[in-house]
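Read the structure below first, then the notes.
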Amino acid sequence: MAPPITLRGSDGIWMVNGPPTLGSRPDFPGETSSKTKVVVFSSDGTLLAWCNGDSVKVVKTPDYQQLWDLPHPKIWENYSVNQETQQGNANLHIYNMQTGKLLKSLIQKKQVNWDPVWTNDEEICCRNVNNELHFFENNDFDSIKTKLHMQKVSSFALAVSGPPYYVAGYVPGSKGQPSFIRLYKYPNFGGQQAAIANRSFYKAEDVKMLWNNAGTALLALTSTELSDQSYYGDQGLHYMNINGDACLVPRSKNGPIYNIAWSPKSTEFCVVYGFMPAKATLYNMKTEPIFDFGTGPRNCCFYNPQGNILCLAGFGNLRGNLEFWDVKQKRQITQTQSPDTTSFEWCPDGEHILTSTCSPRLRVANGYRVWHYTGTLLQQVLLEQNHELWETAWQPAPKGAYPERPIKYGVVQAPVDLNKKAYRPPQARGTEASVKLHEYEAASDPTKKLNPGEESKAASKNKKKREARKAKSAQEDGPAETEATASVPGRPSLSDLGRPQLTGDPEVDKKIKNINKKLTAIQKLKEQQQAGKQLEKNQLDKLKTEESLLKELKDLKIT
């Protein structure tokens, strides 16, 4: 049985059951305040907390007994200065959720990259303070265990697995110097040689760093807002690992990088990139492409928690396309659509999906849908008019609660029709659509070797395109002769006109080509006239020039 779903909106907080027993969950007390700004679960789903504008409430699951009611009307407090003492007021408060005890109140001036980060075992906590990273152990915030000094450090990424523990720090470039990311093993921070990996680069106004679950490798997406080549700016995807390797991840198509995702198994990662239709590629831990999903209308990728299914999706200005792939077999399971989706989340069981339409991204048709990865729509709930949905989330589950299960194949029709017909102008309605905006590339395995004489699908497709172009070109340049265009003694045929005999003199050859072009046009007009078409006066005048043109060719010694 799947865990329940928590929803937050203009009506407060409420909860519904997950599949297969879909429906309301009456034992959850809920929250009716429309001022509820945030709701969050603990990583194992055993605790649930929210802020209703008056205080922060913490309950335990599944009985929903209240543990604590903390006197904080806001989750985020801006930095302020006491007018009497001229000292900063503490605006970062850390509590022990088991005892409700306030562990420490700290001053935090930054509005971005301010939040402390814990490892999964909560043995290490790191926070960014000015030009230093401060580390605490065993939740003892009265003393700083160690510091990592990086001049003008902007952000950091702590690998949450371990021990051993690893951390990456990013320093933006200035005065012509490049930006760089350095990897360290905790707590070995002393000396210039302490960094176990280093990667420097230019053109980086913003950096997003993402560790894999095992804490052995890091992906860093660098970007700039403006670029001479692209509306999306310049982007680069860098790979680093704890063995000291660092490189740029190769891409086979130009364009922006929309999304990156590590496999929960920490053995591979997926990248969605390139101008639309976007390409999606699977890479191994050596940054080698191991599977190409082809191109399609997608800009997101999501692994299920078990790592055996990958969803490629297209949201935002795309129509909500969903492709589900068997990662091991490199085979598509099914494809469907969830229009107007603003949020996507895998269920902890690895089989169900939650898509939702939330405000303020979209203020109409707010609601949520529950799917099975085979394409079956299990439930669709739309809120009443003037009611908004702000957030949806599955309740997390402890690690190992849902083991990996065999994948089912076969497209299952959704019981609710979600597909919207594309707009077509009135004059085109009632006819078949024949215009393709894009030619999509099929999926392929770059590691698969072909047998001698065997062509890849892409090569075969390109060969057919080339042959079609040649046939079209031959038809336009040298049409076959008919009775109306057959050779007449003393006159060149239409096919001969398409292949004029040149003399080698540039001036003479230029005249020959112009005359042949005019004679070809005359032959086509004669065809139309014999077919019964009424010619215009200027076209009839052209026919009268045929004798003079032939004479001019003869004078140029063309027979």
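The values are calculated or read from the model by the stated rules, or taken from the named source; none is laboratory data. All figures in this text were calculated on a predicted structure; none of them were measured in a lab. Backbone-built Cβ (ideal geometry, glycine too); neighbour counts: all protein chains shown. In case anyone asks, the SASA skips ligands and DNA or RNA and just uses the protein heavy atoms, side chains included. Shrake-Rupley method; radii C 1.70, N 1.55, O 1.52, S 1.80 Å.
Tabulated data
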| item | result |
| --- | --- |
| Relative contact order [Cα under 8 Å, 6+ residues apart], the range 34-163, whole percent | 12 |
| At R0 = 35 Å, FRET efficiency that the Cβ-Cβ distance of Glu288 and Thr224 yields, to 0.05 | 0.80 |
| Sparse-neighbour loop sites [chymotrypsin sites (Phe, Trp or Tyr not before Pro); the range 320-412; at most 16 other C-beta within 10 Å; DSSP] | Tyr409 |
| The range 219-281: trypsin sites (Lys or Arg not before Pro) in DSSP loop, at most 15 other beta carbons within 10 Å | Lys253, Lys265 |
| Paramagnetic label zone (point 7 Å from Cα along Cα-to-C-beta, Thr447; backbone N under 12 Å) in the range 288-306 | 288-292 |
| For the range 115-228: lysine pairs under 16 Å (alpha-carbon distance), excluding those fewer than 8 apart on one chain | 4 |
| The range 362-404: trypsin sites (Lys or Arg not before Pro) in DSSP coil with no more than 12 other Cβ atoms inside 10 Å | Arg363, Lys399 |
| Equivalent ellipsoid dimensions for the range 119-185 as semi-axes, Å, which come from the Cα gyration tensor, largest first | 24, 14, 7 |
| Estimated inter-spin distance, Ser80 and Val40, nm [label 7 Å along Cα→Cβ] | 2.2 |
| Rg/Rg_ref, the range 10-99, where Rg_ref = 2.2 N^0.38 Å and atoms are Cα | 1.34 |
| Percent of C-alpha pairs per 5 Å bin, the range 115-228, short to long | 2, 11, 22, 24, 20, 11, 5, 3, 1, 0, 0 |
| Distance cut-off 18 Å, percentage of C-alpha pairs in the range 57-121 lying past it | 52 |
| Heavy-atom SASA rank of Asp509, Asp54, Asp27 (probe 1.4 Å, accessible area, largest first) | Asp54, Asp27, Asp509 |
| Inter-part distance where the range 201-260 and the range 517-544 are each reduced to a Cα centre, Å | 62 |
